[in-house]
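A quick write-up on the structure given underneath.
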Amino acid sequence: MRIRCPLCGERDSREFHVMGAAEWLARPAPDAGLEAWDAYLHLRDNPAGPTRELWFHEAGCGAWLVVARDTVSHAVFEAVPAWEAGA
Amino acid sequence: MRYSGWQILRQALGGNRGWKAQWRKPDPRPEYDVVIVGGGGHGLATAYYLAKNHGVRRIAVLEKGALGLGNLGRNTTVVRSTYMLPGNGEFYSFSLALWKDLSQELDYNVMFSPRGVISLFHSDAQRDRFARLGNAMVGRDDHAVLLGRAELRRLVPYLDYDNTRFPIYGALLQPDAGTARHDAVAWGYARAADRLGVDLIEHCEVTGFGIAGGRVRAVETTRGRINAGKVGIAVAGHSGRLAGMAGFRLPIESHVLQAFVTEGLKPVVDHVISYGMGHFYISQSDKGGLVFGGDLDGYASYAQRGNLPRVEHVMEAGMTLMPMLGRARVLRSWGGVMDMSADGSPIIDRAPVEGIFLNAGWCYGGFKAVPGSGVAFARLIATGEPLKAAAAYRLDRFRTGHLIDEEGTGALHNRH
Ligand SMILES: Cc1cc2nc3c(=O)[nH]c(=O)nc-3n(C[C@H](O)[C@H](O)[C@H](O)COP(=O)(O)OP(=O)(O)OC[C@H]3O[C@@H](n4cnc5c(N)ncnc54)[C@H](O)[C@@H]3O)c2cc1C
Ligand SMILES: [Zn+2]
C-alpha cells in the first residue's frame, strides 16, 4: 500500500501511522453530552468500500492527512492535509 | 450415526463407503422462531445450545458462504483464559472449562490439545504484570504457573534467551490451555445442531431486516424473505454491515489479521508460545506445520488479505525470538476480517431494535470463546437474561464508561 502525501509525494505505507476514521477530526464541544461523545469516541460507520481516515506521516513530513481509501480493494484514492479536509 | 472406534473399524471394512453426510441441506422455511445470522463458531454454537439447553424448536442458521470458512477456519486456534480484568476473566474461564469436555458433548473429536500456553516476559516490570495476571487466574480457579528462566529453559530450550535487546526473563504458563482443530469445531457443532433439528442454510446471505413497529419481523436474504421471531447476529468481521442494515451503529471497526504456516516438520514446538516484546506467537499443528501470527495490519479492512509490512514484522519478531525458524519454509499466509471493538472486548447483548440480539466484537480472540459464547448468547436469546459469566459484555458499557480494556491501550479500535 502506497500513499501519495501531498507534501512528500508517493510513500510506502510503513512511513505512516493510522489513527482511524476521519471522524476523529469532528471533536464535539466539551458540553455536547454523553451521546455525542459516545458516538465520537466509539461508534463507527465502518464501511465496506470507500472510507476516509486520519493518517500521520510520522516518518516523513509529520503532517496529519485525511486519506480516502477503499477497505475492500485496499486502493488509496487521495490524501489531503487534515487542516484542509475537515471531518 | 454416532462416532466410535467400532464405527471406524466397521466403515473401514466396508471401504469407507458407508459414512453419511454430516448435516442436511434444507431449503429455508418461511418462518423460524430464531434466525441466527452467520455460520461460524459463534452462530453454530448458539444454535446448538438454543436447541439443547433451551428446547427452542424452529431454528435456522443462515450463512452467506459455506459453514466455517470465515474466521473460524482461518484462525490460529489458541484456546486460553489468560485474561485479568473482571468481566473478561470469568467468561474465558467458563469457556475454557467447556472446551475440556467438548468432544464428548458433541460426539465429535475437536482435538482439544491442552499442551500449555507460554507467555514470555522480558523485564522485571513485565514479570510483575504477569505475576498479577497469574494471581488473578488462580483466584478464579484457573491454573497458572510463573516460570523462571531456568525452568522455562528446560521446557523450551530453543529460544534466544540472551537476546541483547529483549532477553527472556521467564514466562507465565497456563498448563491446561492449548489449541483445538478449528474445522472440527465447525463440523462438530454443525452436526450436533443439525441432529437437534436446526436448519443450517448455506449460501444464504442476509441483505436486510424487516422491521415494523420497532420490532424485527423478518430477514431479507438472497434466498427470499424469512420471517423470524428473534434474530441473533453472529457475523464476526461483518457486524458493522448488519448493524447498518438494521439502522444502528456499533463501537466496532473491521480490521484484517494475518497468519502463516510453514511446511510440515517433525514435532519441535510442543506448546503455544507468545513473545512478550514483539507481535508474534506460535504453535505446531498436528500435521507438523508451524502456525504463527502477529498483530493487526492496523488500518480498517474488509479484505481477507493483508499487506507485506506486517508480514515482514511478524517474520522479524519470530526470527528474533526463535532463530531456528529461519530454516523453515513458509507455505501459506492468509488473513481474516475481524470486529475490533473500541475496548478490545466483545459484546453479547440486545441490539437497539427489539428482537435483534448481538454477538460481536470478538477481535482476534473469539475462537477460544466459541463454547462459552454459544451458551451465553443462547441463554440471552431464549430467556432475555444474560449469563452471569458474560453479563459484563453490554453494548452500553462504552457510553457509560465501563470499558473492559484488557491491554490498557484506550478506546482506539485498532490498538488492542
Ligand atoms: C488470522 C486469525 C487468527 C486468529 N487466531 C485466534 C486464536 O488463536 N485464538 C482465538 O481465540 N481467536 C483467534 N482469532 C479470532 C477468531 O477466529 C474469531 O474471533 C472468531 O472465529 C469469530 O467468530 P466466528 O467463528 O463466529 O466467525 P466466522 O467464522 O467469521 O463466522 C461469521 C460468519 O458470518 C457469515 N456472514 C457474514 N455476513 C453475513 C450475512 N450478511 N449473511 C449471512 N452470513 C454472513 C460469514 O460468512 C462467516 O462465515 C483469529 C482470527 C484470525 C483472522
Ligand atoms: Zn509527508
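Bear in mind that the values in this text are calculations on the coordinates, not laboratory data. Computed from a predicted structure; not experimentally measured. Neighbour counts are summed over all protein chains in view; Cβ atoms, including those assigned to glycine, are modelled from backbone coordinates with ideal geometry.
Numbers for the structure displayed
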| quantity | calculated |
| --- | --- |
| Test: residue in the range A:40-57 that is at positive phi and away from ligand 1 (no atom under 16 Å from the Cβ) | no |
| Scope the range A:78-87; condition surrounded by fewer than 16 Cβ atoms within 10 Å (Cβ to Cβ) and either within 14 Å of chain B (Cβ to nearest Cβ) or touching a helix residue (DSSP H, G or I) at 6+ places or on another chain (Cβ under 7 Å) (or both); matching residues | A:Gly86, A:Ala87 |
| Residue within the range B:237-248 that is within 21 Å of B:Val79 (Cβ to Cβ) and within 14 Å of ligand 1 (Cβ to nearest atom) present | yes |
| Test: residue in the range B:39-52 that is β-branched (Val, Ile, Thr), within 11 Å of ligand 1 (Cβ to nearest atom), under 15 Å from B:Met338 (Cβ atoms) and surrounded by 18 or more Cβ atoms within 10 Å (Cβ to Cβ) | no |
| Flag if A:Leu43 is under 12 Å from the mean Cα position of the chain (by Cα) and either within 12 Å of another protein chain (Cβ to nearest Cβ) or of a type in the set (D, E, K, R) (or both) | no |
| Per-region count, the range B:262-297, residues surrounded by 21 or more Cβ atoms within 10 Å (Cβ to Cβ) and assigned to a strand (DSSP E or B) | 14 |
| Filter result for the condition that a residue is more than 14 Å from ligand 1 (Cβ to nearest atom), touching a Ser or Thr at 6+ places or on another chain (Cβ under 8 Å) and facing chain A (nearest Cβ under 9 Å), over B:Ala390, B:Ala342, B:Ala300, B:Ala328 | B:Ala300 |
| Filter result (of a type in the set (Gly, Ala, Ser) and in contact (Cβ under 8 Å) with a residue 60 or more places away in the chain) within the range B:293-314 | B:Gly293, B:Gly298, B:Ala300 |
| Selected residue [aliphatic (A, V, I, L, M), in contact with a helix residue (DSSP H, G or I) (Cβ under 9 Å, 6 or more places away or on another chain) and away from every other protein chain (no Cβ under 14 Å)] from B:Val272, B:Val268 | B:Val268 |
| Candidates A:Arg52, A:Arg2, A:Arg11, filtered to the one that is within 14 Å of another protein chain (Cβ to nearest Cβ), within 25 Å of B:Gly344 (Cβ to Cβ) and basic (Lys, Arg) | A:Arg52 |
| Scan of the range B:205-255 for residues that are more than 14 Å from chain A (Cβ to nearest Cβ), surrounded by fewer than 24 Cβ atoms within 10 Å (Cβ to Cβ), outside any strand (DSSP E or B) and touching a residue at least 40 places away in the same chain (Cβ under 8 Å), ordered by number | B:Gly214, B:Thr222, B:Arg223 |
| Conditions (1) of a type in the set (A, V, I, L, M); (2) near ligand 2 (Cβ under 10 Å from one of its atoms); (3) at the interface with chain B (Cβ under 9 Å from one of its Cβ atoms); number of the one not met by A:Leu34 | (2) |
| Checklist (1) touching a residue at least 24 places away in the same chain (Cβ under 8 Å); (2) surrounded by fewer than 19 Cβ atoms within 10 Å (Cβ to Cβ) applied to B:Val337, failing item | (2) |
| Answer residue from the range B:134-158, given it is touching a residue at least 40 places away in the same chain (Cβ under 8 Å) and touching a helix residue (DSSP H, G or I) at 6+ places or on another chain (Cβ under 8 Å) and is nearest to B:Ser119 (Cα to Cα) among those | B:Ala144 |
| Checklist (1) surrounded by fewer than 15 Cβ atoms within 10 Å (Cβ to Cβ); (2) in a helix (DSSP H, G or I) applied to B:Ala66, failing item | (2) |
| Single unsatisfied condition, A:Gly33 versus (1) over 11 Å from the mean Cα position of the chain (by Cα); (2) more than 16 Å from ligand 1 (Cβ to nearest atom); (3) in contact (Cβ under 8 Å) with a residue 12 or more places away in the chain | (3) |
| Residues (on the phi > 0 side of the Ramachandran plot and surrounded by fewer than 24 Cβ atoms within 10 Å (Cβ to Cβ)) located in the range B:345-361 | B:Gly355 |
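To keep it simple, each residue is scored yes or no on (1) among the polar types (S, T, N, Q); (2) surrounded by 13 or more Cβ atoms within 10 Å (Cβ to Cβ); (3) within 24 Å of B:Ser285 (Cα to Cα).
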{"position": "B:Gln104", "(1), (2), (3)": "yes, no, yes"}
{"position": "B:Ala125", "(1), (2), (3)": "no, no, no"}
{"position": "B:Gly134", "(1), (2), (3)": "no, yes, no"}
{"position": "B:Asp142", "(1), (2), (3)": "no, yes, no"}
{"position": "B:Asp162", "(1), (2), (3)": "no, no, no"}
